[in-house]
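Worksheet: one structure, shown below.
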Amino acid sequence: MNKPISKNEPGHDPGHQPVVLGAADFFARSRAKLGFDVPSGLYDPNIVPASGDPGTDKMLEIIAREQPVRPAAVLIAVVDHPEPTILLTQRAAHLNDHAGQIAFPGGKIDAIDTSPLDAALREAEEEVGLSRDFVEPLGYLDLYGTAFGFRILPTVARVRPGFELTINHSEVDDAFEVPLSFLMNPANHQVHSKEFRGMERSYYAMPFAERYIWGATAGMLRVLYERIYSS
């Protein structure tokens, strides 16, 4: 059973005042702080990417000895409304892995992909019909390891409003937008923990209305906050 971690434990920001950025400031900071150099850890099997949680990192080290940690790419699509939003998906309920969970558009990097960016854009087109004509890539976030054996490279992008989505129901059930200001407010970054493979692991959760955003998705959002807002 999941339980909230005490507010004085690592990962919480008691009393921290959120930094409020308008759309122009957010995109300007992202362009300045991010780049398109692909980290060697995305493909090097000898490098085990970190998640930021010691329990998850330990599990990933174990998994890396059992099977390859597969490269993947996701798109953190920030829609340039007057009040910016982030586009998220709800994975299809019939999938074998992570059914019904909230995720970014994305998936495994295939041989046909020329770059992690190309993989993220392809997956966004395949999953929700987001045309790359509306997408302005801003740069890669930090490489993120998951306890389920993926090494994920997120691409942060500005998305011009006016796009139309076509949901691929074989992969996702829904697509929706969440205000960037909510996701980048550390007061909304809950930290939960549970036991997995006999080890305690902690993870971020950012419940929004009826949506439960948690795990790797919330973890990458936290990394986005730390990169763009915290320094």
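The values are calculated or read from the model by the stated rules, or taken from the named source; none is laboratory data. Because the structure is a prediction, the values reported are computed rather than measured. Neighbour counts run over all protein chains shown; Cβ positions are idealised from the backbone, glycine included. These accessible areas exclude ligands, DNA and RNA; they are computed on the full protein's heavy atoms, side chains included. Shrake-Rupley method; radii C 1.70, N 1.55, O 1.52, S 1.80 Å.
So is G55 in a helix (DSSP H, G or I) and either at pLDDT below 90 or in contact with a strand residue (DSSP E or B) (Cβ under 9 Å, 6 or more places away or on another chain) (or both) or not? Can you show your working first?
Working: in a helix (DSSP H, G or I): yes; either at pLDDT below 90 or in contact with a strand residue (DSSP E or B) (Cβ under 9 Å, 6 or more places away or on another chain) (or both): yes.
Spelling it out, G55 is indeed in a helix (DSSP H, G or I) and either at pLDDT below 90 or in contact with a strand residue (DSSP E or B) (Cβ under 9 Å, 6 or more places away or on another chain) (or both).
Residues are listed down the side, and each one gets a yes or a no for (1) surrounded by 16 or more Cβ atoms within 10 Å (Cβ to Cβ); (2) over 15 Å from the mean Cα position of the chain (by Cα); (3) within 24 Å of E125 (Cα to Cα); (4) of a type in the set (S, T, Y):
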site: T155; (1), (2), (3), (4): yes, no, yes, yes
site: R160; (1), (2), (3), (4): no, yes, yes, no
site: V172; (1), (2), (3), (4): yes, yes, yes, no
site: L183; (1), (2), (3), (4): yes, no, yes, no
site: H192; (1), (2), (3), (4): yes, yes, no, no
site: I213; (1), (2), (3), (4): yes, no, yes, no
site: R222; (1), (2), (3), (4): yes, no, no, no
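Test F176 against the stated conditions and say whether it is within 19 Å of A124 (Cα to Cα) and open to solvent by 10 Å² or more (accessible area, probe 1.4 Å). So F176 fits the description; yes. Would you mind stating whether L88 is open to solvent by 30 Å² or more (accessible area, probe 1.4 Å), touching a strand residue (DSSP E or B) at 6+ places or on another chain (Cβ under 8 Å), outside any loop (DSSP other than H, G, I, E, B) and aliphatic (A, V, I, L, M)? No: the conditions fail for L88. Evaluating P45 against the criteria (1) at pLDDT below 90; (2) within 27 Å of S230 (Cα to Cα) leaves one unmet condition, (2). E83 satisfies every condition listed in (1) loosely packed, with under 12 Cβ neighbours inside 10 Å; (2) at pLDDT below 75 except (2).
Counting residues in segment 184-198 that are assigned to a loop (DSSP other than H, G, I, E, B) and farther than 30 Å from F134 by Cα gives one or more.
The C-beta contact set for segment 118-143 (first residue within 22 Å of D173 (Cα to Cα) and in a helix (DSSP H, G or I), second residue at pLDDT below 95 and of a type in the set (S, T, N, Q), distance under 8 angstrom, 6+ apart or interchain) comprises E126/N168; E127/N168; V128/N168.
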